[in-house]
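Down below is the structure, laid out as structure tokens.
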Amino acid sequence: MEARLNIFTSPLATKSMKYFTSAARVIIKDSTLPTSLQDLVMLRASQINGCGFCTDMHTKDAAHAGESPVRVNLVAAWREATVFTDAERAALELAEQGTRIADAAGGVPDEIWANAAKHYDEEQLSALVLLIAFINATNRMNVIVQQPAGDYQPGQFA
């Protein structure tokens, strides 16, 4: 499979992506959210959006960072899995609701937000919201151009 458009060689896309990804790096590197949680949140949103490229990336990044194969494999079924903390469940629920925002009139329900706020402070909630928005935008770009999955190597874009 080949992408419809190579966003890695387009001068406009390359320049735009530099700014786009630099904003994400601030979230990823400067927030107090654990890297493992960030990977799980980005993986779950990518699964929902059907983004093979990002699912490949975040599965491999999570494993490379030491996340267990069981937890990585159970992200898609986190509600039924016993391997996630209450805080992780709250973040995954916020990620799902934020990703499926078009499916629910009124957006993210107050009870979902309140549950996340029980586990994360304002800075961490800011990081979660920004991370969810970032991965959803990235997923959409990759799905639109049909970016192929499978060749990502951990740290490739670091």
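No lab work stands behind these numbers, since they all come straight from the coordinates. Predicted, not measured: the structure shown is a model, and the values here were computed from it. For neighbour counting, all protein chains shown are included, and Cβ atoms are generated from backbone atoms with ideal geometry for every residue, glycine included.
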| What fraction, in whole percent, of alpha-carbon pairs in the stretch 13-145 exceed 22 Å separation? | 33
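As an exercise, identify the trypsin sites (Lys or Arg not before Pro) in the stretch 65-119 lying in DSSP coil whose Cβ has no more than 16 other Cβ atoms within 10 Å.
Filter output for the stretch 65-119: ARG79, ARG100.
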| remark: Within the stretch 91-132, the residues whose backbone N lies under 18 Å from a label point placed 7 Å from the Cα of THR32 along the Cα-to-Cβ direction are 91, 116-131
| query | Under 29 Å Cα-Cα from LYS60, which lysines qualify once same-chain neighbours fewer than 8 residues away are excluded? | reply | LYS15, LYS18, LYS29
| What is the helix-to-structure angle for 11-30, meaning the angle in degrees between its Cα long axis and the longest Cα principal axis of the chain, kept from 0 to 90 and rounded to the nearest 10? | 30
| task | Starting with the highest mean, order 19-32, 134-147, 48-61 by the number of other Cβ atoms within 10 Å, averaged over the residues of each peptide. | result | 48-61, 134-147, 19-32
| task | Output the relative contact order of the chain, whole-number percent, from Cα pairs under 8 angstrom with separation of 6+ residues. | result | 38
| Quick one: helix 122-145 against the long Cα principal axis of the chain, what's the angle to the nearest 10°, folded into 0 to 90? | 40
| field | Sum of side-chain charges, LYS29 neighbourhood, beta-carbon under 15 Å (Lys, Arg +1; Asp, Glu -1) | value | -3
| query | What's the FRET efficiency of LEU130 with GLU2 using the Cβ-Cβ distance as r and R₀ = 22 Å, to the nearest 0.05? | reply | 0.10
| query | How far, in degrees from 0 to 90, does helix 35-49 lean away from the longest principal axis of the Cα atoms of the chain, to the nearest 10? | reply | 70
| query | Among GLU80, GLU123, GLU96, what is the fewest-to-most ranking by other Cβ atoms within 10 Å? | reply | GLU80, GLU123, GLU96
| request: Multiply the residue gap between VAL143 and ASP103 by 0.36 nm, knock off their C-alpha separation, and tell me the result in nm, one decimal place. | output: 12.5 nm
| Chain lengthening between GLN156 and ALA117 when straightened (0.36 nm per residue, less Cα-Cα) | 10.7 nm
| message | Shape verdict for the stretch 99-158, please, from the Cα gyration tensor: rounded (a/c under 1.5), prolate (a/b greater than b/c) or oblate. | response | oblate
| query | In a shell of Cβ-Cβ distance under 12 Å around HIS58, excluding HIS58 itself, what net charge do Lys and Arg (+1) and Asp and Glu (-1) give? | reply | -2
